[in-house]
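Everything on this sheet refers to the single structure shown next.
The values are calculated or read from the model by the stated rules, or taken from the named source; none is laboratory data. Note that the structure is a prediction, hence the values are computed from the model and not measured. For neighbour counting, all protein chains shown are included, and Cβ atoms are generated from backbone atoms with ideal geometry for every residue, glycine included. Ligands, DNA and RNA are excluded from the accessible area calculation, which covers all protein heavy atoms including side chains. Shrake-Rupley method; radii C 1.70, N 1.55, O 1.52, S 1.80 Å.
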Amino acid sequence: MSKKLLSNFALAGTIRLLIMNSEYQKIIGNRVEVSTALNSWKRVTEGVYLHKFGIDPYEGDLFHETPIGLYMFHLMQEYLPQWALFLLFVVVDLTTALCLAFAAKHYAIELATKRKEKKDEDKESSKDVPGTSALYVSAAYLFNPYIILNCVGLTTTVFTNLLYSIALASMTKRSVLWSCTSVALLTLQGLYPVSLMVPATIYIASAGRNKKISIVTMVVAFTSILTALFAISYCIMGSWSFLGSTIGFILTVPDLRPNIGLYWYFFTEMFEHFRWLFIASFQINVSLLYIVPLALRLRRDPMLLAFSYLAIAAIFKSYPCIGDVGFYISLLPLWKHLFQHMQQGFIVGCFVLFCTVFAPTVWHQWIYSRSANANFYFGVTLAFAIAQIFLLTDILFASVKHEFAVQHGINRKVDGNETKLLLE
């Protein structure tokens, strides 16, 4: 198993470095599906340049990384040559895969323990071992085309994904410090990841003797770390100007350049006096609407709950990119025992494949050939969002079906033939 992991990591790193050193790197880095206003390396470079000459990079509508990120990126661009910068991105991406493998291993152990307690006789589930889950999840991340393009395009989502993977690994390990620190850094950068505190708290509370004390500890630790991060950001910049260009930028959505999300087209066509009403509706949908219902339903499986929050954020956030989508898709092998209950796999696969091919095609027709318009490109992004919604709902329904089958001992064979469980 370790040899397979090492060979996968070596091959994945080689693929990334080869594409980075080819003529396609700049093309990929300029794609609207890969780079957005929040994660573009061009904007990072310009923001660092402005800060270097004493100009506040947050005064305009250019730089939207956190002051802590600004400081780190300044060090990277100051001391790392281009080849070292490429290597750093690859190493960070491989580290993310390693953390996901670690989280997958612990989650598989957790599932195996629950099956023994429930005396689950599911043959497909019993075949799963921690090593195979780690191998499948890491491979799904390393060789995911969306993740490869995200890394080759030098987007800052590479570092965001690393923090996500640390958060997931920390949850499964029941580490209060690392869970709160990683989620606090993510919240400072992107706001929406604050929802991950719910599954993290469930994990910590399930391991402690006193659940109330565990919950209070998590809330206090997270609040303290997040406050400290805001204070550090203020010390770096000497003002609170960064708030409007980071969290404020995400909430108000002033930049309507096309991306794979749903905001840009909708608010381009929206009458100005309705703008704030629909911004509030969109932001409530992505940040608040699903937190409590999903937490109540998936409280016994906090990893699936975290997956759901990640998927919802990737679908409905202000400025999504394929790196966000690729990250949560890479987690799907964690629930391969649910695949037998899923019904939309073929439809979702076709949708994702067609949208991946059609998006750059329609973009070329719209921007360069002038034989299409914005409606064509938005149609592709809308179909892509629908495919992701189908995927999320399918995996959640599959979880319900699996739980129902385990509790009631339903035999999936009728007259010697395999059957599917349908809940209506």
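Where helices (runs of 4 or more DSSP H) fall entirely within the range 316-417, those with at least 3 residues that are within 17 Å of the chain's Cα centre (by Cα) and among the aliphatic types (A, V, I, L, M) are at 322-329, 374-408. Every condition in (1) open to solvent by 30 Å² or more (accessible area, probe 1.4 Å); (2) assigned to a helix (DSSP H, G or I); (3) more than 20 Å from A169 (Cβ to Cβ); (4) at pLDDT below 95 is met by H106 except one, and the failing one is (3).
Among the residues making up the range 158-176, those that are more than 15 Å from I202 (Cα to Cα) and open to solvent by 10 Å² or more (accessible area, probe 1.4 Å) are F159, T160, L162, L163, Y164, I166. Going residue by residue through the range 65-81, is there one that turns out to be assigned to a loop (DSSP other than H, G, I, E, B) and under 26 Å from S318 (Cβ atoms)? Yes, because at least one residue in the range 65-81 is assigned to a loop (DSSP other than H, G, I, E, B) and under 26 Å from S318 (Cβ atoms).
Here is a yes/no grid of residues against (1) at pLDDT below 90; (2) more than 21 Å from the chain's Cα centre (by Cα); (3) part of a helix (DSSP H, G or I); (4) crowded, with 16+ Cβ neighbours inside 10 Å:
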position: K3; (1), (2), (3), (4): yes, yes, yes, no
position: I19; (1), (2), (3), (4): no, yes, yes, yes
position: L38; (1), (2), (3), (4): no, no, no, yes
position: V44; (1), (2), (3), (4): no, no, yes, yes
position: F63; (1), (2), (3), (4): no, yes, no, yes
position: E110; (1), (2), (3), (4): yes, yes, yes, yes
position: T113; (1), (2), (3), (4): yes, yes, yes, no
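Taking the range 46-61 as the range and being touching an Asp or Glu at 6+ places or on another chain (Cβ under 9 Å) and surrounded by 17 or more Cβ atoms within 10 Å (Cβ to Cβ) as the test, the residues that pass are G47, V48, L50, P57. Taken together, the residues in the range 264-276 that are out of contact with any Lys or Arg (no Cβ under 7 Å at 6 or more places or on another chain), of a type outside the set (K, R) and within 18 Å of G248 (Cβ to Cβ) amount to 1.
Just one of the listed residues (A405, A359) is over 27 Å from G261 (Cα atoms) and either at pLDDT 95 or above or surrounded by 15 or more Cβ atoms within 10 Å (Cβ to Cβ) (or both), and it is A405. Reported count of residues in the range 46-61, each being of a type in the set (A, V, I, L, M, F, W, C) and in a helix (DSSP H, G or I), is 2. Total residues in the range 177-223 satisfying the condition of being open to solvent by 20 Å² or more (accessible area, probe 1.4 Å), over 29 Å from L70 (Cβ atoms) and of a type in the set (G, A, S): the figure is 3. Within the range 298-338, the set of residues being without any contact (Cβ under 8 Å) to a residue 60 or more places away in the chain and surrounded by fewer than 20 Cβ atoms within 10 Å (Cβ to Cβ) comprises just one member, R300.
Of all residues in the range 215-248, those being outside any helix (DSSP H, G or I) and over 13 Å from L185 (Cα atoms) number 3. Looking only at the range 21-36, which residues are in contact (Cβ under 8 Å) with a residue 12 or more places away in the chain, among the aliphatic types (A, V, I, L, M) and open to solvent by 20 Å² or more (accessible area, probe 1.4 Å)? The answer is I28, V32.
Residue-level check: of (1) free of Cβ contacts under 8 Å to residues at least 60 places away in the same chain; (2) at positive phi, L191 misses just (1).
Selection over the range 253-265 of residues that are surrounded by 15 or more Cβ atoms within 10 Å (Cβ to Cβ) and either assigned to a helix (DSSP H, G or I) or among the charged types (D, E, K, R) (or both) gives a count of 4.
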